[in-house]
Structures are given as C-alpha cells and as structure tokens.
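Okay, structure first, notes after.
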Amino acid sequence: MSHRMIPDQITSLLLSLFAGLGGVALVLFLTWIFFPERIEKWAILLHKLLAYVSEKHERRYIEKHIENGINSWRKRACKECDGVLPYEFKLKWANVDAVESELNEGKLIVKMKNHRNQSKNFALAVREYVPNTLIPKARRYVQPLIVDGIDHVVSKSILCDDTRALSYFADMSEGEFTSKPDLKKIVEELDTVHGQGKLTRMLLSEYNALSKLHPSNPSEEIHRETADFEKLVFNFVMKKPEEDVDLDFNRAHLQVAIVAVAKSSKLFTFGLEPYVSFVERMMREGIPKFYITAASGMIPHARQLCERAVKDLGLRKVNEDEYEGIYRQKRTKLYCACLKKAEASI
Amino acid sequence: MSSDYFDLVVFHETEIEAMLRKLNLLEEVNAGQVRCVICNKTITKENFGGVFKKENEIFVVCDDLKCIGNARSQVDEP
C-alpha cells in the first residue's frame, strides 16, 4: 500500500461518515416535521437517561414527562369535546432564592420527588390539574357528586399508561370512596360510559354547554337535571338488544336526543325512514341537538343518516368521530356524530 | 392561571432545606413545631409537601395528595 492512498482512504472514510450523519440528520428532521410527538418522546427518554448523572436533565425529565402526559391527553379530549380542558398544563420550577415573592403572588408551591418516584409526581400533577381545569366555567352547574366522579375517571384515563401512578391515585381514591360511598357507584357508571367513548363526546359536551350560565349561581334544579342526564347516558350505554330506553332529554337547560342506528332488521325493512321520522318528531318537540351513534357494521348507515339529516332537516354537523370502544363487552369500532339545528346556540 | 396555561409551581425535594431556611421555618420544622394546615400532622423534612401564603401568613401542607388538593382550594378562595 502506498503512502498516497492513506489520505485518500481517510478522506473517503470522512465523507462516508458525513454522508451517514447527514442521512441520520435528515431522518430526524423529517420525523420532527411529520411526527413531532415522537421526537418529544425521544427527548424525554434522553433526559431520563441523563437524569441519573445530571440534576438539570432530571428536572427537564420531570417537567417534560408530566407536561407531555397531560397535554397529549388534553389534545385528544379537546377533539372529542371542544373546550373540555381549555388550559394547557405547564410545570414551573420555583426560584427558591426568591420563594417569598412567588408566595406573594398567591401561588401554592408543591414538592416534586426524585425522578425515581416520577409516578407519584405524575399522579400529584394530574390530581392538581383536572379539578381546576375540566369544564371550568360549567362544572359548578353539574351535580357535585357527578363532577367528582368525572374528575376521577378523567384522571385515571390520563394516568392509565403509568400503572404505578394509577395505583397511587387509586389508593388515594379508596379513602374518598369510604367517606362518600355514592361516589364509588357514580365512578363505576362513568367508567362504563367512558369505555364506550361517550364521556367526552356526549356527557361532557352537554355539561360544557352549561358554561353559558356562568356566572349565575347554580340551583338544585340544574344539579338534578345534570344528574338525570347522566342516568340517561348510562342507561343508553348499558342498553341490551331490543331493550327500550329513553333516548330523548328535554328539560330547561339540556335538550338532546340520541339516535342509535342499531337494528339491522329495521334498516332492512324500512331503511332510514324510522330514524329520520324520530329526528323530525324530536325537532317538533323542541329538541335542537342530536347524537347519532352506531357500532361496527351499522356505521355506514349512521353516516348516511347524518347526511340525510343535514340535507333534508336543516341540521348541521358539529362533530363526527369514528373510534374504538367497549360495546357489549367487546372492543369494537364505534361512531358518534353531533348534529344541531342551524340557528340553535351551543 | 395565566391566560392559556395551568401553572403548577414546584420545587425539587433536594431543595427542602433551602426552602425552609428562606422561609425561616427550618428550626421549627426540626423541632417538630410545624403542622399541616389541613390534617394537622407534624411536618418533617420527609413529609413536607408544599407551602402557600394567605393574608400574610405562611401555611405548610404535608405530601398527602388530599391535603395538597384542599390547600389549593384555600389558595384559590378569595
């Protein structure tokens, strides 16, 4: 081998290295453009690894892990129910040297444990966030027991991928269930409603509309109405085949009807006409808002019903979603659309 | 809350002594004289959970999630 080849070989090696690094950089850049959440997750993982050797990275890990966990759930929930969690979560490290001035601003400053106890930190952050941000203007008009129940179910949903955090949260809840036995029953009902995807899409959507009453004082009447609406949604979710349950709710503040496109025999014999007639009748009775629901094979028919309702009955589509949920104890594709009269206010 | 964010202000557990020293509470906590404003448990450096100020008085809360939740409603009350 001649000495002239060695610089050539080094140059060639360096060029290949840069090409390789450039390729990696290009992949990372494209991933950042199209899948920013993935880059964020990798960054959090990197901070976690470095947390064992660097306090700065440990704080970044604690901060970003919790923010990502809460805000990604919030983003999905707000697609299902607009404005359900209007505030994004931010974790701020207090300046201990200036702690007095932080306290003078009326802030509660809480402890974060070492990153090895991150599950406890996560549970604490969720426990602080949910009751203070979930339908903030409307929650006082919902029956307090139901609000507590919804806070529980939403918190568990945010924590569900972290079994230790969920376990810590559940242990804390046991104490609350002991002092409020009705709360446990409500949480079980709401868990079922949430399993079918109706907690955000239906229940919270309607409750959130009550923010129009803000800042008036809540009454016994409105609390009773919200409790009865929860029962209607729960009974609908638990409905057995061929069982008749109330599908319309026409009271002072909440006026909605649920149209379940479910009976294939009815569809086969009469088409969409019975469903269209039901919607027309409900509209004559003063109901301006409808939830069209269906499961698996019925979904295309439900979509057709929505199109008919928009075209022929003057309704407009507020929201439409196809998703997976638990229906008759099986995980299956579900559909839920919200339609309302064009002139009705939310 | 700032206009678009719910801010959770926190400190790291390694800063507990520095915090207590700044608030002139370190000696009292070491002497077992400070109690949780919610559950009345004696506060130690291990169970110190949080702190807030109301009407010029500093209140300490333990690290029980229920107590922290109740402390927040006291802070939010006008």
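The values are calculated or read from the model by the stated rules, or taken from the named source; none is laboratory data. This is a predicted model, so every value here is computed, not measured. Quick reminder, even Gly has a Cβ in these numbers, built from the backbone with ideal geometry, and neighbours come from all protein chains shown. Side chains are part of the model used for accessible areas, which takes the heavy atoms of the whole protein and leaves out ligands, DNA and RNA. Shrake-Rupley method; radii C 1.70, N 1.55, O 1.52, S 1.80 Å.
Values computed for the structure shown
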| item | result |
| --- | --- |
| Enumeration of residues in the stretch B:42-61 that are more than 10 Å from every other protein chain (Cβ to nearest Cβ) and closer than 16 Å to A:Asn121 by Cα | B:Glu46 |
| Residues being open to solvent by less than 50 Å² (accessible area, probe 1.4 Å) and within 24 Å of the chain's Cα centre (by Cα) - total across the stretch A:23-42 | 1 |
| Residue match in the stretch A:327-334 (condition: assigned to a strand (DSSP E or B), of a type in the set (S, T, N, Q) and open to solvent by less than 80 Å² (accessible area, probe 1.4 Å)) | yes |
| Test result for A:Leu145, among the hydrophobic types (A, V, I, L, M, F, W, C) and within 13 Å of another protein chain (Cβ to nearest Cβ) | no |
| Criterion (more than 7 Å from chain B (Cβ to nearest Cβ), at pLDDT below 95 and open to solvent by 10 Å² or more (accessible area, probe 1.4 Å)) met by exactly one of A:Arg127, A:Arg116, A:Arg139 | A:Arg116 |
| Residues of the stretch A:250-271 classified as assigned to a loop (DSSP other than H, G, I, E, B) and closer than 24 Å to A:Glu320 by Cβ, total | 5 |
| Search result, residues across the stretch A:83-105 that are among the hydroxyl-bearing types (Ser, Thr, Tyr) and either touching a strand residue (DSSP E or B) at 6+ places or on another chain (Cβ under 7 Å) or not in a helix (DSSP H, G or I) (or both) | A:Tyr87 |
| Only one of A:Ser264, A:Ser296, A:Ser277 that is at pLDDT below 95 and in contact with a helix residue (DSSP H, G or I) (Cβ under 9 Å, 6 or more places away or on another chain) | A:Ser264 |
| Residue that is least open to solvent (accessible area, probe 1.4 Å), among those in the stretch A:52-77 that are closer than 27 Å to A:Ser211 by Cα and of a type outside the set (Gly, Ala, Ser) | A:Ile70 |
| Residues located in the stretch A:311-325, provided they are open to solvent by less than 70 Å² (accessible area, probe 1.4 Å) and over 18 Å from A:Arg281 (Cβ atoms) | A:Val318, A:Asn319, A:Glu320, A:Asp321, A:Tyr323, A:Gly325 |
| Residue within the stretch A:227-242 that is surrounded by 15 or more Cβ atoms within 10 Å (Cβ to Cβ), of a type in the set (Val, Ile, Thr) and closer than 21 Å to A:Gln304 by Cβ present | no |
| Tally, over the stretch A:196-226, of residues that are in contact with a Phe, Trp or Tyr (Cβ under 9 Å, 6 or more places away or on another chain) and touching a residue at least 12 places away in the same chain (Cβ under 8 Å) | 18 |
| Cross-chain or 6+ apart pairs with Cβ under 7 Å, the stretch A:139-160 first and under 14 Å from A:Glu188 (Cα atoms), then of a type in the set (Gly, Ala, Ser) and in a helix (DSSP H, G or I) | A:Ile146/A:Ala227; A:His152/A:Ser173 |
| Pick from the stretch A:95-113, criterion closer than 16 Å to B:Thr14 by Cβ and of a type outside the set (Val, Ile, Thr), ranking: surrounded by the most Cβ atoms within 10 Å (Cβ to Cβ) | A:Met112 |
| Subset of the stretch B:62-78 that is within 7 Å of chain A (Cβ to nearest Cβ) and among the charged types (D, E, K, R) - its residue that is farthest from the chain's Cα centre (by Cα) | B:Lys66 |
| Output for the stretch A:178-225, where each listed residue is crowded, with 18+ Cβ neighbours inside 10 Å and acidic (Asp, Glu) | A:Glu189, A:Glu206, A:Glu225 |
| Entirely in chain B, the strands (runs of 3 or more DSSP E) that have 2 or more residues that are touching a residue at least 24 places away in the same chain (Cβ under 8 Å) and crowded, with 17+ Cβ neighbours inside 10 Å | B:48-54, B:57-62 |
| Those residues of the stretch A:78-94 which are more than 9 Å from chain B (Cβ to nearest Cβ) and surrounded by fewer than 19 Cβ atoms within 10 Å (Cβ to Cβ), in sequence order | A:Cys78, A:Lys79, A:Asp82, A:Gly83 |
| Filter pass, A:Lys330 being closer than 26 Å to A:Ile150 by Cα and without any contact (Cβ under 8 Å) to a residue 12 or more places away in the chain | yes |
| Options A:Ser167, A:Ser179, A:Ser101: the member that is hydroxyl-bearing (Ser, Thr, Tyr) and within 20 Å of B:Gly49 (Cβ to Cβ) | A:Ser167 |
